[in-house]
Amino acid sequence: MQPGTSPAPSPATNPAARGAGCTTLKVGRPQLTGGTESDLVKASESLDKALAACRTADKTHLERAAIDGMAKGMAECHTYYLDPDRAREFNKPPQPYSGIGATILAPSEPGGMSEISNVFPNSPAERAGVRSGDRIRSVNGEDVTGFSPDEIASKIRGPEGTDVKLVLVRGSQEQTFTIKRATLTPPRVIQRDFESGKIVMLSISQLNGDVARQTQDLVKKGIAAGAKAFIVDLRNDPGGDLSAAVDIASIFLKNATLVDQVGRDGKKEQVRTNDRFFIDEFKGPVVVMVNERSASGSEIVAAGLRSNGIASVVGTRSAGCVGIAQPRQMPDDGLLLVTLARMQDVKTGEELNGQGRGVKPDLEVKDVAETPDQEDTLAAIGILRDKLAAKPGGVGTP
């Protein structure tokens, strides 16, 4: 199982593994003056005091936690620290692995259960009946509540052909699954067809690598096979490369501004389409699906296509984490990402970044875990069915 990612990931922690007996330790906050050198000295002294007070603490882990805490103290979702393990995975292409075929998202609240984000087509997880939104209670009898996606994924992976037992919570009901592992390569884009192929849904897990080219290829193949409408499913997509977001939006839109970019100096620039990705043959309707975990580039795609009259947006309000971050290599081989710019809706001028902001759907629909259907997907299909039915030769119901 591949772990999901978030706009501001932090190092995986297991409270029982490091710093035993130091959970109540408190170190006084240093009085900072704004002077770089003196403040760094004071911060270093505070770390030394913490290490002296807790002999079981791991110095390297403490230093990384301090960097992570300082980055989070900026209260900018695109300013965060990646430890060396996560840094090595940053924007890395998907690699083959042996597992069940799904991605995991971190708990929506501290101490909660991580949940299934996407289930790969024709995977052991799909065949077993695992669904997006299922929360993970235990793996092989071990309670994993509060564990990070990485920790849970490592417990679920194992030799091909062996079984793993999961207890998942769907709505308020626990369900037990015994799943045989297989060797898989995580797909960047998952295609599902509806209405006999007239409506094609493309679920994009993350905006990096060659995902834009893959999406463009699938749109072309869909058109050739008779597709008349597309759903761009960006639910749980944390974003990634700005160029990938621009290129995917450019498949459906030409010579246009997607969002306005505002730097720390207040200078405003336009983020415009890359017309090399535009597919002129497609003239049909588009729906973009988002939810509260759709962030960054996903929000740019949704906001840009809607502002230019290309797409409707269905789902729940997106994360409100829209900006550009510059990664900087750290001495420990980790990465520190620092926010350089935020985004504004090109049509309304509204800020997209911030709590309670993001992209508000035209039709707000939330998937209900207790029901077998995905209500937001059905709503998106319904919108496109109605639009196609209004056209000669469209998809209609007698």
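Miscellaneous remarks
- Residue that is surrounded by fewer than 20 Cβ atoms within 10 Å (Cβ to Cβ) and closer than 19 Å to Val287 by Cβ, where the choices are Gly266, Gly226: Gly226
- A residue that is part of a strand (DSSP E or B) and at pLDDT 95 or above occurs somewhere in the stretch 290-299.
- The set of residues from the stretch 323-360 being basic (Lys, Arg) and in contact with a helix residue (DSSP H, G or I) (Cβ under 7 Å, 6 or more places away or on another chain) comprises just one member, Lys347.
- Restricting Ile300, Ile310 to residues that are touching a strand residue (DSSP E or B) at 6+ places or on another chain (Cβ under 9 Å), aliphatic (A, V, I, L, M) and over 19 Å from Met201 (Cβ atoms) narrows the list to Ile300.
- Selected residue (only one of Asp58, Asp85, Asp134 is at negative phi, over 16 Å from the mean Cα position of the chain (by Cα), surrounded by 21 or more Cβ atoms within 10 Å (Cβ to Cβ) and of a type outside the set (A, V, I, L, M)): Asp134
- The stretch 214-229 residues that are of a type in the set (Val, Ile, Thr), paired with ones that are in a helix (DSSP H, G or I) (beta carbon under 7 Å, 6 or more apart): Thr215/Ile248
- The selection criterion, being over 18 Å from the mean Cα position of the chain (by Cα), buried (at least 21 other Cβ atoms within 10 Å of the Cβ) and over 30 Å from Pro285 (Cα atoms), does not hold for Leu105.
- Scan of the stretch 161-174 for residues that are at pLDDT 95 or above and in contact with a Gly (Cβ under 9 Å, 6 or more places away or on another chain), ordered by number: Val164, Lys165, Val167
- Looking across Ala102, Ala71, Ala50, Ala57, one residue alone is of a type in the set (Gly, Ala, Ser) and closer than 30 Å to Ile190 by Cβ. It is Ala102.
- All positions within the stretch 230-285 that are farther than 29 Å from Thr103 by Cα and among the acidic types (Asp, Glu): Asp260, Asp265, Glu269, Asp275, Asp280, Glu281
- Some residue of the stretch 112-126 being in contact with a Phe, Trp or Tyr (Cβ under 7 Å, 6 or more places away or on another chain), part of a helix (DSSP H, G or I) and of a type outside the set (Asp, Glu): no
- Residues of the stretch 262-288 that are under 25 Å from Met74 (Cβ atoms), of a type outside the set (Asp, Glu) and either out of contact with any helix residue (DSSP H, G or I) (no Cβ under 9 Å at 6 or more places or on another chain) or not assigned by TED's automatic domain parsing to the domain that holds Ala227 (or both): Val262, Gly263, Arg264, Gly266, Lys267, Lys268.
- Among (1) hydroxyl-bearing (Ser, Thr, Tyr); (2) modelled with pLDDT of 90 or more; (3) over 29 Å from Leu51 (Cβ atoms) - the single one Ser154 does not satisfy: (3)
- Test for Ala256: is it more than 22 Å from Glu76 (Cβ to Cβ) and either without any contact (Cβ under 8 Å) to a residue 24 or more places away in the chain or hydrophobic (A, V, I, L, M, F, W, C) (or both): yes
- Any hit, the stretch 79-101, residues being within 21 Å of Leu202 (Cα to Cα), at pLDDT 85 or above and either in contact with a Phe, Trp or Tyr (Cβ under 6 Å, 6 or more places away or on another chain) or not in a loop (DSSP other than H, G, I, E, B) (or both): yes
Listed here are the residues, each with its yes/no results for (1) outside the structural domain of Lys165 (by TED's automatic domain parsing); (2) over 23 Å from the mean Cα position of the chain (by Cα); (3) buried (at least 16 other Cβ atoms within 10 Å of the Cβ).
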| residue | (1), (2), (3) |
| --- | --- |
| Arg29 | yes, yes, no |
| Ser46 | yes, yes, no |
| Ala50 | yes, yes, yes |
| Cys77 | yes, no, yes |
| Ser117 | no, no, yes |
| Ser123 | no, no, yes |
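Conditions tested, residue by residue: (1) in a strand (DSSP E or B); (2) over 21 Å from the mean Cα position of the chain (by Cα).
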| position | (1), (2) |
| --- | --- |
| Phe147 | no, no |
| Asp150 | no, no |
| Ser154 | no, no |
| Pro159 | no, yes |
| Val167 | yes, yes |
| Thr176 | yes, yes |
| Thr183 | yes, yes |
| Pro187 | no, no |
| Ile190 | yes, no |
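- Qualifying residues in the stretch 186-212 (those that are of a type in the set (Ser, Thr, Tyr) and buried (at least 21 other Cβ atoms within 10 Å of the Cβ)) - the one modelled with the lowest pLDDT: Ser205
- Between Ala71, Ala106, Ala102, Ala57, the distinction of being more than 29 Å from Ser318 (Cβ to Cβ) and outside the structural domain of Asn291 (by TED's automatic domain parsing) belongs to Ala57 only.
- Any hit, the stretch 153-171, residues being of a type in the set (Gly, Ala, Ser) and assigned by TED's automatic domain parsing to the domain that holds Ile324: no
The values are calculated or read from the model by the stated rules, or taken from the named source; none is laboratory data. Computed from a predicted model, the values in this text were never measured in an experiment. Cβ coordinates were reconstructed from backbone atoms using ideal geometry, including for glycine residues, and neighbour counts include every protein chain displayed.
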